Amino acid sequence: MRLLLIGWAGILVATVGWYWLSRLDVGPVFGGDLLARDFNETVFLVYGQFLGIAPERLPVVLAGGFALDTAVVLATLGVYRRRAIATWWSAHVAHQPVQRPLQDEGGGGRIDPVGAFGPGDVVGDHRPLRCDRR
């Protein structure tokens, strides 16, 4: 499963990265001919002639293909991890009331932990602090 995700993400990042870098024509700066806009247009012209599609429509077609690939990969991941997803769903989402560990007691914006201390559990030490203990 890891190899599938790495392969999918690698191809997606490489193709989209090449497309945008070549559309921005960064070839003369550091990419040589592979990142030049002329090379991008030539590749899409050849690919469009091979498929019988106008080269201007190819980026939209590729984006649709990447969206379909992403849906298939996520569905495969969902099937592969369905037990973990079902456990998470039942624990976090499915009709579970949200437990609030903190509650506003209405005392001037003071927030106390609910049930952490009873009224007689906290004993205050009113002696002054001394920093020079020996």
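Below, the figures for the structure above:
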read-out	value
Difference of contour (0.36 nm per residue) and Cα-Cα distance, L5 to V43	11.0 nm
Selection from G52, A14, L24, by position along the positive dipole direction of region 2-81 (Cβ)	A14
Which of V93, V16 has the fewest Cβ neighbours within 10 Å, and the rest in rising order	V93, V16
Order of W20, W8 under a 10 Å beta carbon neighbour criterion, fewest first	W20, W8
log10 of Debye I(q)/I(0), alpha-carbon scatterers only, for region 2-81 at 0.15, 0.22, 0.23, 0.26 Å⁻¹	-0.64, -1.02, -1.06, -1.17
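Rule-based calculations on the coordinates, nothing more; no lab input. Nothing here was measured: the structure is a model prediction, and the numbers come from that model. Ideal geometry is used to build each Cβ from the backbone, glycine not excepted, and the neighbour counts take in all protein chains shown.
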